Structure formats: C-alpha cells, structure tokens
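Enquirer: Here it is, the structure in full.
The values are calculated or read from the model by the stated rules, or taken from the named source; none is laboratory data. Worth saying up front: this structure is predicted, and the values here are computed from it rather than measured. Backbone-built Cβ (ideal geometry, glycine too); neighbour counts: all protein chains shown. Just so you know, the surface numbers come from the protein's heavy atoms only, side chains and all, with ligands and any DNA or RNA stripped out. Shrake-Rupley method; radii C 1.70, N 1.55, O 1.52, S 1.80 Å.
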Amino acid sequence: MLRLFIGIVVTLSLSRAPAAAEDKMVVDMSKMTCGELTKLGFQDFAGVTMWLSGYYNASVRNTVIDLYQYAQAAKTVKDFCETSPRASVMSAAERALGIKMPRPR
C-alpha cells in the first residue's frame, strides 16, 4: 500500500512539472492594469510591487529600502487599484503614492 501511495505521489508531481513551465508570465509593466494586478496571487503581486519599487528608486538614485514603508506602499497601491481597475499600475502608483514614475524610453 505504501508503494502505491508513493507511486501516485511521484506520478502526480511529475505530471505537474510541464504545467509549471506554462505558468510563466511576461508583463509589459507600462501596460499592466490595476484589474490585472488585483487578480495576481501573493508571489506575483510581490514580484510586481518589488519591480515598481526598484524602477522608481533607481530613477531617484535611492539604494535604501525600508521594508515596512515598502509593504505600506504596496498595500496603498493595491487598495487604489481595487477602486480603479482600468488604471495602469504605474499611474496608480503615481496617484496613490504621490510620486512621479520615470517614463519608458
């Protein structure tokens, strides 16, 4: 019985591997909407907000991050996005945080 259980677990884990590769997401951040942001899972949301933080902070030559302030800013942007699903994420960050995001080249 134990061998059957192990066999099922191995089979299920192997069959899931190709699907994980299909979950790859590529995003043009200048076009991502708030509606798309609010539908993301925690890991993808965290990745997007980290990218936004790095993009903005690089433009103002800031190399220091306060993790508490970062978490508050991410929540502020998410809250704004929940009320404005058609707004772009970058414009939402500008409006919600009172900052000026650099423009793509």
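Enquirer: Inside the range 52-105, can you point out the residues that are aliphatic (A, V, I, L, M) and either on the phi > 0 side of the Ramachandran plot or touching a strand residue (DSSP E or B) at 6+ places or on another chain (Cβ under 8 Å) (or both)? Show your work before the answer.
Expert: Let us first name the residues in the range 52-105 that are aliphatic (A, V, I, L, M), namely 52, 58, 60, 64-65, 67, 71, 73-74, 77, 87, 89-90, 92-93, 96-97, 99, 101.
Result: Ala87, Val89.
Enquirer: Residue by residue through the range 86-105, note down the ones that are open to solvent by less than 70 Å² (accessible area, probe 1.4 Å) and either among the acidic types (Asp, Glu) or closer than 12 Å to Thr38 by Cβ (or both).
Expert: Ala87, Val89, Ala92, Glu94
Enquirer: Return the residues of the range 59-75 that are without any contact (Cβ under 8 Å) to a residue 12 or more places away in the chain and open to solvent by less than 100 Å² (accessible area, probe 1.4 Å); say none if nothing qualifies.
Expert: Here is the first cut: in the range 59-75, the ones without any contact (Cβ under 8 Å) to a residue 12 or more places away in the chain are 60-64, 66-69, 71-72, 75.
Those that are without any contact (Cβ under 8 Å) to a residue 12 or more places away in the chain and open to solvent by less than 100 Å² (accessible area, probe 1.4 Å): Val60, Asn62, Asp66, Ala71, Gln72.
Enquirer: Another one. List pairs: first residue in the range 44-55 and more than 14 Å from Asp28 (Cα to Cα), second residue surrounded by fewer than 16 Cβ atoms within 10 Å (Cβ to Cβ) and basic (Lys, Arg) anywhere in the structure, Cβ distance under 7 angstrom, at least six positions apart or on different chains.
Expert: As it stands, the answer is none, since no pair meets every condition given.
Enquirer: Having 2 or more residues that are at pLDDT below 90 is the bar; report the helices (runs of 4 or more DSSP H) wholly within the range 1-70 that clear it.
Expert: Here the list reads 2-22.
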